[in-house]
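Q: Got a structure here, written out as structure tokens. Questions coming.
Quick note: the coordinates plus some simple rules give every number you see, no bench work behind them. Being a predicted model, the structure only gives us computed values, none of them experimental. Using ideal geometry, Cβ is built from the backbone for each residue, glycine included, and neighbour counts are taken over all protein chains shown.
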Amino acid sequence: MEVLVHGAGALGSLVGGLLAPAHDVTLVGRNPHMRRVREEGLRIEGAVEARVRPRAVTDGRHRSADLALVTTKAYDTDAAARALATGEYGAVCSLQNGLTEERLVAALEPPVLAGTASYGARLLGPGRVRCTGVGKVAVGALAGGESPLADRVARAFDDAGIEVGAAADMPRRRYEKLAVNAGINGPSALARVTNGEVLEGPARGIAREAAREVGRVAAAAGADLTPDEASDALERVARDTAPNRSSMCEDVAAGRRTEVEAIYGAVLERADERGVAVPTCRTLGSVIRAWEAGRELREK
Ligand SMILES: NC(=O)C1=CN([C@@H]2O[C@H](COP(=O)(O)OP(=O)(O)OC[C@H]3O[C@@H](n4cnc5c(N)ncnc54)[C@H](OP(=O)(O)O)[C@@H]3O)[C@@H](O)[C@H]2O)C=CC1
Ligand SMILES: CC(C)(CO)C(=O)C(=O)O
């Protein structure tokens with residue numbers, strides 16, 4: 001399969017690199033990373049060790065592939081969509097955190113699949129990515145149900161040795177992941193604690209309530225996820241990733257922009273549309289947004 005990975009930072013380089021031995025992969029990213037991959041190949045280190053040679057470019061416009069994977073940060077989704085709209089793709093699939101697929105649907109003609117990836121990835125430097133945790137990929141129709149296209153994409157991941165499921169319940173999975181991110185990311189970023197410390201410390205109640213609120217929004221949206229299930233998912237992921245710091249915690253600690261809009265913004269938008277009260281997510285989102293506003297002022 002021809003696969004283009006738009007946004008080859010940490011996750012995109014890892015997933016693209018893992019796909020490369022079995023497929024014709026093009027990474028779209030930034031220099032000097034792309035230049036090094038072109039000249040010397042991509043080294044995958046850590047939980048998976050490999051050296052692969054995907055194509056590596058910096059301009060994602062006017063390209064074509066059977067599948068485009070979107071792995072930019074969520075706030076770059078619209079720009080990614082604009083670049084992808086100039087090319088030709090059989091399908092587009094996001095592996096990002098937060099609810100970004102609707103933005104891709106709004107801007108693109110090819111079918112957009114929903115995806116989740118529980119791999120951990122960190123870019124070490126030009127041409128080098130660390131796999132910090134072997135995970136799973138799920139891919140399926142955005143509205144749920146069987147999808148021959150998702151089956152084909154899942155087979156392509158499977159051919160490359162990536163554990164994958166073609167999932168008929170992506171609406172539920174997307175909300176479950178959103179609940180986990182809403183429960184862990186804000187509290188961990190504000191308290192500067194690990195995922196495990198969110199669960200074990202004084203922020204536990206806030207984290208559980210944020211996840212439960214997302215469960216209520218999911219139920220109102222017909223996504224087959226209850227508040228209890230959302231809270232259980234949060235506890236499970238926080239336990240499984242206990243020593244890790246969430247992406248939002250890392251971003252805030254490094255003074256970087258966060259994915260607050262794709263996580264808390266997405267919850268609030270959907271909650272307001274359906275008249276669901278989400279006071280905990282609203283508070284967490286507001287405080288992270290306040291931090292972002294301060295960050296932008298400091299950058300000027
Ligand atoms: N890292 C991980 O372990 C996991 C990440 N995720 C999710 O995956 C997404 C990506 O995360 P991550 O890989 O960590 O983020 P990174 O910032 O490492 O990767 C995104 C990359 O895309 C590049 N990029 C953005 N726009 C373009 C463009 N138009 N052309 C070329 N390159 C572009 C960015 O460059 P620049 O920064 O210069 O703009 C950056 O290098 C996020 O939504 C994250 O939450 C999900 C699971 C695990
Ligand atoms: C699941 C979790 C919370 C793992 O750290 C994550 O997705 C993130 O950090 O953004």
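Q: Given the Cα-Cα distance of residue 53 and residue 151 and 0.36 nm per residue of separation, how much length would full extension add, in nm? Please list the in-between numbers first.
A: On the way: separation 98, 0.36 × 98 = 35.28 nm, distance 2.61 nm.
Difference between extended and current length: 32.7 nm.
Q: Same structure again: Applying the Karplus parametrisation 6.51 cos²θ - 1.76 cosθ + 1.60 with θ = phi - 60° to the phi angles of segment 124-137, what ³J(HN,Hα) value in whole Hz is obtained for each residue in order, glycine and proline being reported as x?
A: These are the phi-based 3J(HN,Hα) values: 8, x, x, x, 9, 10, 9, 8, 8, x, 6, x, 10, 10 Hz.
Q: What are the ³J(HN,Hα) values, in whole Hz, obtained from phi via the Karplus relation 6.51 cos²θ - 1.76 cosθ + 1.60 with θ = phi - 60°, for each residue of segment 20-28 in sequence order, with x given for Gly and Pro?
A: Karplus-based 3J(HN,Hα) across segment 20-28 equals 4, x, 9, 9, 8, 9, 10, 8, 10 Hz.
Q: With a point put 7 Å past each Cα toward its Cβ, work out how far residue 35 is from residue 220 in nm, to one decimal.
A: 5.1 nm
Q: Per residue of segment 266-279, what does 6.51 cos²θ - 1.76 cosθ + 1.60 with θ = phi - 60° give for ³J(HN,Hα)? Whole Hz please, x for Gly and Pro, Karplus curve as stated.
A: Using θ = phi - 60°, the values come out as 5, 5, 5, 4, 6, 5, 5, 4, 9, x, 9, 7, 9, x Hz.
Q: Using Cα centres only, tell me the gap between segment 221-300 and segment 89-150 in whole Å.
A: 19 Å
Q: Compute the label zone of residue 143 within segment 65-106: residues whose backbone N is under 15 Å from the point 7 Å along Cα-to-Cβ.
A: Backbone N within reach: 102, 105-106.
Q: If I model a spin label at residue 273 and residue 24 as a point 7 Å from the Cα along the Cα→Cβ vector, what separation in nanometres do I get?
A: 3.8 nm
Q: If packing is taken as the average count of other Cβ atoms within 10 Å, what order do 219-230, 12-23 fall into, highest mean first?
A: The most tightly packed comes first, giving 12-23, 219-230.
Q: Going Cα to Cα from residue 73, which lysines come in below 20 Å? Please leave out same-chain ones fewer than 8 positions away.
A: Within the straight-line cut-off, residue 73 pairs with 136, 177.
Q: Please give the calculated 222 nm ellipticity per residue for the chain, where each DSSP H segment of at least 4 residues contributes -39500 (n - 2.57) and the sum is spread over every residue; nearest 500 deg cm²/dmol?
A: Details: 12 runs with 141 residues, N = 300.
Per the formula, -14500 deg cm²/dmol.
Q: Connecting C-alpha atoms closer than 10 Å in a GNM of the chain, tell me which of 198, 28, 105 has the biggest fluctuation.
A: Most flexible of the set in this elastic network: 105.
Q: Follow-up. Please report the spacing between the Cα centers of segment 174-206 and segment 13-65 in Å, no decimals.
A: Between the Cα centre of segment 174-206 and that of segment 13-65, the gap is 32 Å.
Q: Between residue 254 and residue 200, with labels modelled 7 Å along Cα→Cβ, what's the label distance in nm to one decimal, could you check?
A: Label-label distance for residue 254 and residue 200, simple model: 2.6 nm.
Q: So what's the angle, to the nearest 10 degrees on a 0 to 90 scale, between helix 204-220 and the longest Cα principal axis of the chain?
A: Result, in degrees: 70.
Q: Now a separate question. Between helix 170-191 and the chain, what is the angle of the helix's C-alpha long axis to the longest principal axis, kept within 0 to 90° and rounded to the nearest 10?
A: Once rounded, one gets 70 degrees.
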